[in-house]
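Working notes, structure below.
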Amino acid sequence: MMGGVEHMNTESAPESPGQSRQLLDNLLLIEDFLRYGVRSGRRIEAEDGALGFGDSSGNKGNSAEGDRQTRLDAIEARVRQCTACVLSQSRSHTVFGEGVTSPQVLVIGEGPGAEEDRQGLPFVGASGNLLDKMLAAIGLSRRTNCYIGNIVKCRPPNNREPTPTERDACIGYLRVQIEILKPRLILCVGRTAAHSLLEVNDAISRLRGRTFAFEGIPVRVTFHPSALLRDESLKRPAWEDLKQFRTLMDSLTDSPLQPSRNEE
Ligand code: SF4
């Protein structure tokens with residue numbers, strides 16, 4: 001029995017054959033990642049290609065957006081019921097993620113804090129405000145072109161770092177999110193996010209300034225906004241990281257992003 005994946009709740013049973021295929025494929029995908037860390041050959045193929053996997057048509061229309069949202073919703077429902085690690089015992093809310101479903105950039109943090117646990121949303125409160133401003137400075141916003149998530153979906157008590165066991169129990173959900181969202185770039189904020197996603201163990205000083213890859217997606221690393229709130233001297237090097245990230249972003253996109261309005 002894989003951790004964190006439970007049987008389908010009949011109250012939320014899909015209404016159409018297409019939705020059934022989508023939900024079943026989501027469950028197989030979660031099981032693959034939790035068991036093997038990668039997607040296996042098993043999959044439920046939609047006759048009309050509506051699942052989005054292996055879709056080489058480049059179709060990013062409303063139907064594909066809706067499919068992605070449906071699949072994310074199904075996984076979020078599983079996360080809300082998850083008891084795969086001890087963090088489930090002290091959480092108020094799970095924090096699945098927030099943003100657009102076809103993001104240019106996926107931002108990954110460590111885990112929910114107290115305010116996130118209260119609201120069920122990632123990066124709210126002081127560090128969330130700072131993250132939003134950092135992202136806005138390079139043309140990114142969770143409202144228009146960005147998705148924000150965490151390594152673990154439940155708050156570690158007293159804001160401690162999630163243990164390796166807790167990270168291992170939860171990382172499968174993030175892997176599935178990445179598979180669905182297909183971001184062009186990933187920005188890890190903080191050492192724990194980078195260590196968990198990239199399976200490295202270097203100090204953040206050795207991770208910054210380098211471009212890694214996760215499943216073929218370029219990954220850069222910078223400081224967690226809460227570290228910047230604790231130590232003002234980190235803001236300048238963090239800004240250098242963001243400028244480099246923006247340059248990489250522009251080099252990968254057909255048309256450079258326009259800076260978004262800094263929403264206070
Ligand atoms: S942190 Fe992740 S694995 Fe642990 S209970 Fe929450 S959702 Fe499940």
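The values are calculated or read from the model by the stated rules, or taken from the named source; none is laboratory data. These numbers were taken from a predicted model, which means no experiment stands behind them. Here the Cβ positions follow ideal geometry from the backbone for every residue, glycine too, while neighbour counts run over all protein chains shown.
In the range 123-133, is there at least one residue being within 16 Å of the ligand (Cβ to nearest atom) and in contact with a strand residue (DSSP E or B) (Cβ under 6 Å, 6 or more places away or on another chain)? There is no residue in the range 123-133 that is within 16 Å of the ligand (Cβ to nearest atom) and in contact with a strand residue (DSSP E or B) (Cβ under 6 Å, 6 or more places away or on another chain).
Could you say whether any residue in the range 199-217 is charged (D, E, K, R), buried (at least 21 other Cβ atoms within 10 Å of the Cβ) and modelled with pLDDT of 95 or more? No, there is no match, as no residue in the range 199-217 is charged (D, E, K, R), buried (at least 21 other Cβ atoms within 10 Å of the Cβ) and modelled with pLDDT of 95 or more.
Rundown of residues vs (1) within 18 Å of the chain's Cα centre (by Cα); (2) within 16 Å of the ligand (Cβ to nearest atom); (3) at pLDDT 85 or above; (4) over 29 Å from residue 152 (Cβ atoms), yes/no style:
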{"site": "54", "(1), (2), (3), (4)": "no, no, no, yes"}
{"site": "59", "(1), (2), (3), (4)": "no, no, no, yes"}
{"site": "79", "(1), (2), (3), (4)": "yes, yes, yes, no"}
{"site": "82", "(1), (2), (3), (4)": "yes, yes, yes, no"}
{"site": "86", "(1), (2), (3), (4)": "no, yes, yes, no"}
{"site": "90", "(1), (2), (3), (4)": "no, yes, yes, no"}
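Residues in the range 94-122 that are within 24 Å of residue 236 (Cβ to Cβ) and either of a type in the set (A, V, I, L, M, F, W, C) or away from the ligand (no atom under 16 Å from the Cβ) (or both): 105, 107, 108.
Of all residues in the range 97-117, those that are in contact (Cβ under 8 Å) with a residue 40 or more places away in the chain and over 19 Å from residue 138 (Cβ atoms) have Cβ atoms under 6 Å from Cβ atoms of residues that are more than 16 Å from the ligand (Cβ to nearest atom) and assigned to a helix (DSSP H, G or I), 6 or more apart or on another chain, in 101/65; 101/68; 101/69.
Among residues of the range 134-167 being assigned to a loop (DSSP other than H, G, I, E, B) and without any contact (Cβ under 8 Å) to a residue 40 or more places away in the chain, the one that is farthest from the ligand (Cβ to nearest atom) is 160. Restricted to helices (runs of 4 or more DSSP H) entirely inside the range 187-247, those with at least 2 residues that are more than 17 Å from residue 127 (Cβ to Cβ) and in the same structural domain as residue 176 (by TED's automatic domain parsing) are 191-198, 204-207. When only residues in the range 153-181 that are closer than 23 Å to residue 114 by Cβ and basic (Lys, Arg) count, which is surrounded by the most Cβ atoms within 10 Å (Cβ to Cβ)? Looking at residues that are closer than 23 Å to residue 114 by Cβ and basic (Lys, Arg), I get 153. Within the range 176-209, the residues that satisfy the criterion of being within 16 Å of the ligand (Cβ to nearest atom) and closer than 11 Å to residue 150 by Cα are 177, 192, 193, 196, 197.
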